[in-house]
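Everything below concerns the one structure shown next.
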Amino acid sequence: MTDPLERLKALQGADLPVHGGRTLAYVYDSGDPEVDRIAREAVAAYAGSNALDPTAFPSLLQMENELVGFACGLLDAPDDAVGTVTSGGTESILLAVQGARDARPDVVRPRMVLPATAHAAFHKAAHYFGVEAVIVPVGPDFRADARAMADAIDEDTVLVVASAPSYAHGVVDPVTDIAAAAAARGVRCHVDACIGGWVLPYAARLGRAVPPWTFAVEGVTSISVDTHKYAYAPKGTSLLLHRDGSLRKPQFFASAAWPGYTMLNATTQSTRSGGPIAGTWAVVQHLGDNGYADLTGRAFAAVDAIVACVEREPALHLVVAPDSTLVTLATDETLDPFTLTDELVSRGWYVQPQLSYGDHGPSIHLSVSAGTLAHVQDLASALGESVVAAQAAGPVAVDAGVVAFIEALDPATLGDDDFDGLLAASGLVGASEQGDLELPTRMAEVNAMLDVASPAMREALLVAFLDRLQRPAFGARG
Ligand SMILES: Cc1ncc(COP(=O)(O)O)c(C=O)c1O
């Protein structure tokens, strides 16, 4: 029988590397092996502990309170502020929306006002909690239009949202004006700082220009910040902070309506692994303010170097100058962005394609970490070579028959036969002898095909795809 740990190592070979600073989405690399060692050991030590009951595992309660305390200092929180450790950005956002809805039982049809660039987690929250998302177009600089958002607030509005920064474009919304408009109507204002919340405060301390967005801004009632992003903590933690305890109250859930223990939760989860909490606490203890200031300086030095190298490539440009550590690139008509992405991936640099949306064409997303700095020269070479190779290859064209096939489909009723038909028509995704889908290695053709589909069709096709991927496998039987 194979050693499961050996097998794990082999399986992991198929994944993107989480270290090495070359994976510019999904993971955040400090570049410091000591940070990883501490995180790994803390996760292992607490993998079996359960934060469900703080009286049974008081050490986890203490770690959570210390993490929230650290974040309060970072985010200019007032003395009355409180917070909760959640499992990730999406859960923090779900809870912010649920709490805002449940604080207003008088509103029959609750609505929340979102800039068009708000993270998809708010759409998930709208779907889960029956809160209508009122989407307000952003300005030409991709920042929320505060005046239009103010105009969109009505008596059914339970929440107004701003991003610091937005994921897709990496810019900070005008939080001061948005929060003031919300406060003037007595409405909660949530700042989604899931991706920027741990770097922007240090960037400001290092003297970079950071627009105001923390609790120092009047009217901001809650902030989400993900520790499993730029706190360089292991996956599985985010923080949701409220300006005071009364704002958090509706987030709590208790049920004594059954014969077992009284369920008492502050998050959507009940049993919660102690692993990510201990891992996050240990990393934050280890790095502290000085460590984070240093890592933030490195991440921004890498951003500056990447921006300079993009400016040297005539076929590339920044979609907008970054406010944070996220860089968004677009290409001119000589360079296909999806082919460029594949070329970079083939040279060991994972960058994330973003499909066309509204009036804007496709772009390429880079979440830049401290660990990238040591390799920026390599990235510059890879980018130069990838541009030449992608221009030589030319754009990927989607077959007219495939476009017609997609246009004839109805996303609301897309079934297995339609999906099979599309796979056959496009010839893009292979199937193994058992009929399992095989993941494509080059994605340009797949992305080009999705790019011509409507957002509703993209959703339907990707759900069908995921449904095919998630099928029982029997390898674990040994
Ligand atoms: C601004 C923003 N909000 C929310 C999220 C969702 O976070 P998670 O993937 O941890 O659920 C992200 C993730 O990148 C983000 O960038």
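The values are calculated or read from the model by the stated rules, or taken from the named source; none is laboratory data. Computed from a prediction, not measured in an experiment: that's the story for all the values here. As a convention, Cβ positions derive from the backbone with ideal geometry for all residues, glycine included, and neighbour counts pool all protein chains shown. What goes into the accessible areas is simple: the full protein's heavy atoms, side chains included, and nothing from ligands, DNA or RNA. Shrake-Rupley method; radii C 1.70, N 1.55, O 1.52, S 1.80 Å.
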- Expressed as a rounded percentage, what relative contact order does the range 11-130 have, with Cα pairs under 8 Å and six or more residues apart? 14
- Message: Rounded to the nearest percent, how much of the accessible area of the chain (1.4 Å probe, protein heavy atoms only) is carbon and sulfur?
- Response: 55
- Query: What is the total of Lys pairs in the chain with C-alpha atoms under 22 Å apart, excluding same-chain pairs fewer than 8 positions apart?
  - Reply: 4
- Note on the structure: Projected onto the charge dipole of the chain (unit charges on the beta-carbon of Lys, Arg, Asp and Glu, signs +1, +1, -1, -1), the Cα from ALA121, PRO201, ALA397 with the largest positive-side position is that of PRO201
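When only DSSP loop residues count, what GluC sites (Glu not before Pro) in the range 296-403 have their Cβ near at most 13 other Cβ atoms within 10 Å? Write out the running numbers ahead of the final one.
Details: sites: GLU311, GLU333, GLU343, GLU385; in loops: GLU333.
Those satisfying the criteria are GLU333.
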- Task: If a/c stays under 1.5 just call it rounded; otherwise compare a/b with b/c (prolate if a/b is bigger, oblate if not). Do that for the range 33-285, with a ≥ b ≥ c from the square roots of the Cα gyration tensor eigenvalues.
- Result: oblate
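Can you tell me, using C-alpha contacts under 8 Å and at least 6 residues apart, the relative contact order of the chain as a whole percent?
Once normalised by length, the contact order is 18 percent.
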- Kirkwood estimate for the chain, i.e. one over the average of 1/r between Cα atoms, Å: 23.9
- Looking at the range 1-82, which chymotrypsin sites (Phe, Trp or Tyr not before Pro) are DSSP coil and have at most 15 other C-beta atoms within 10 Å of their C-beta? TYR26
- Message: Shape verdict for the range 265-330, please, from the Cα gyration tensor: rounded (a/c under 1.5), prolate (a/b greater than b/c) or oblate.
- Response: oblate
- CD proxy, 222 nm, the chain: helix-only mean residue ellipticity via -39,500 (n - 2.57) per DSSP H run with n ≥ 4, per residue, nearest 500, stands at -13000 deg cm²/dmol
- Task: For the range 293-356, just say rounded, prolate or oblate: build the C-alpha gyration tensor, square-root its eigenvalues into a ≥ b ≥ c, call rounded for a/c under 1.5, and beyond that prolate if a/b exceeds b/c, oblate if not.
- Result: prolate
- Whole-Å distance linking the alpha carbon centroid of the range 382-398 with that of the range 298-325 is 19
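With +1 on the Cβ of every Lys and Arg and -1 on the Cβ of every Asp and Glu, and nothing else charged, how large is the dipole of the range 348-466 about its Cα centre, in debye rounded to the nearest 20? Let's see the in-between values first.
Working: 2 positive and 16 negative charges, 113 e Å.
Here the range 348-466 has a charge dipole of around 540 debye.
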- For the chain: accessible area per residue (Å², 1.4 Å): 46
- Item | Sequence of LYS124, LYS235 from largest to smallest accessible area, 1.4 Å probe | LYS235, LYS124
- Query: Helices from the chain with mean Kyte-Doolittle at least 0.5 and a Cα length along the axis of 27 Å or more, per DSSP H: which?
  - Reply: 274-311
- Tell me, what is the percent relative contact order of the range 33-285, built from C-alpha pairs under 8 Å that lie six or more residues apart? 29
- Note on the structure: Rounded to the nearest 5, the percent of DSSP beta bridges in the chain running antiparallel is 60
- Query: Can you pull the three principal axis extents for the Cα set of the range 400-472, in Å, largest first?
  - Reply: 30, 25, 17
- Task: Bin width 10 Å, alpha-carbon pairs only: give the P(r) of the range 301-418 as whole percents, running from 0 to the bin holding the largest distance.
- Result: 12, 41, 26, 14, 7, 0
